[in-house]
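First comes the structure, then the notes that go with it.
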Amino acid sequence: MLDFDGIRVTRGSFTLSADLSIPTGARVAVIGASGSGKSTLLSLVGGFLPPDRGRILLDGQDITGLPPGQRPVSTLFQDQNLFPHLTVAQNVGLGLRPDLRLSNPQHARVTQVLAEVGLEGMETRKPANLSGGQQSRVALARVLLRARPVLLLDEPFAALGPALKAEMLALLGRIADQTDATVLMVTHDPDDARSFAPQTILVDGGVVHAPAPTGPLLDNPPPGLRAYLG
């Protein structure tokens, strides 16, 4: 269970509050108007932004004070966070060791994970020699290798076309099932939420609302979400 216990954070004139729980292994979309605090919510979970008050707990453990590198969390951003000077295998291997001093079994695991995401034989390529979809697969392979219990995604496939995005969401779903990760995916596209996430969190007016069934929420949105969706 991922719990937000009385969380409140203020930056300038903007205040975000969150008091809710997300079940272990849930796939949850995070949706709301631009500037509503969706990315702020992910930053709180990832440890990149400390709350002014309140606690974040994972399975009862208070992780509020842990730095990002010590949190049981993986984060995937829209730019995929790939290093252009490293090969595909090295970019994925960072999920195991930042110094890339991998053992033979770890090298074998990198190769195995790349095959699982459809990148077999591409270990020595650089990101510049990959398509957008292939770059997304590299980032997902690193997430799969890390196998952290919480996965945060901040519009990771927004730059992809509809067919490729659907393919990446399906792959993400398989990875979530394999790792049993709790997934929070920020998206501006209600179709992405419908296809991937049975539950959706609405961020509106500085308030992070508890997860609600995605279909009914989008079919009958509250006024703030209705104005955003158009």
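Each of G215, G132, G121 was scored by the projection of its Cα onto the charge dipole of region 103-218, and the greatest displacement toward the positive side belongs to G121; charges sit on the C-beta of Lys, Arg, Asp and Glu. The trypsin sites (Lys or Arg not before Pro) of region 23-101 that DSSP puts in a loop, and whose beta carbon has at most 13 other beta carbons within 10 Å, are R101.
Accessible area per residue for region 84-127 is 56 Å², calculated with a 1.4 Å probe on protein heavy atoms, without ligands, DNA or RNA.
With θ taken as phi - 60° and the coefficients 6.51, -1.76 and 1.60, list the Karplus ³J(HN,Hα) couplings across region 192-199 in order, rounded to whole Hz; mark glycine and proline as x. Values, residue by residue: 5, 4, 4, 7, 10, 10, x, 10 Hz. Across region 45-129, the fraction of Cα-Cα pairs farther apart than 17 Å, rounded to a whole number, is 59%.
Just the protein heavy atoms count here, and of the accessible area of region 24-155 at 1.4 Å, carbon and sulfur take up 49 percent. Dipole magnitude for the chain: computed about the Cα centre from +1 point charges on Lys and Arg Cβ and -1 point charges on Asp and Glu Cβ, it is near 500 debye.
With R₀ set to 45 Å, the beta-carbon distance separating S103 from T10 gives a calculated FRET efficiency near 0.45. For D177, the solvent-accessible surface with a 1.4 Å probe is about 110 Å², rounded to the nearest 10. For q = 0.09 Å⁻¹, what log10 I(q)/I(0) does the chain give under the Debye formula with an equal point scatterer on each alpha carbon and no solvent? Result of the Debye calculation: -0.37. Here region 1-112 is assigned +1 on the Cβ of each Lys and Arg and -1 on the Cβ of each Asp and Glu. Its dipole about the Cα centre then comes out at about 200 debye. Residue by residue, region 210-215 carries 3J(HN,Hα) couplings of 5, x, 10, x, 4, x Hz when phi is fed to the Karplus relation 6.51 cos²θ - 1.76 cosθ + 1.60 (θ = phi - 60°); x denotes Gly or Pro. For region 67-114 versus region 152-206, the inter-centroid distance based on Cα atoms is 21 Å. Surface calculation, 1.4 Å probe, protein heavy atoms: F157 sits at approximately 10 Å² accessible. Result for the chain in a Gaussian network model with C-alpha springs under 10 Å: among A29, A139, A115, the largest mean-square fluctuation is at A115. Highest average first, the peptides 221-229, 129-137 ordered by how many other beta carbon atoms sit within 10 Å of their residues are 129-137, 221-229. Please give the calculated 222 nm ellipticity per residue for the chain, where each DSSP H segment of at least 4 residues contributes -39500 (n - 2.57) and the sum is spread over every residue; nearest 500 deg cm²/dmol? After summing the helix terms and dividing by residue count, I get -10500 deg cm²/dmol. For the chain, modelled as a GNM whose springs connect Cα atoms under 10 angstrom apart, the maximal fluctuation among D62, D19, D154 occurs at D62. T15 sits with roughly 40 Å² accessible to a 1.4 Å probe, with DNA, RNA and ligands left out of the calculation.
The values are calculated or read from the model by the stated rules, or taken from the named source; none is laboratory data. This structure is a prediction, so every number in the text was calculated from the model and none was measured. Using ideal geometry, Cβ is built from the backbone for each residue, glycine included, and neighbour counts are taken over all protein chains shown. Quick note on the areas: whole protein, heavy atoms, side chains included, nothing else; ligands and nucleic acids left out. Shrake-Rupley method; radii C 1.70, N 1.55, O 1.52, S 1.80 Å.
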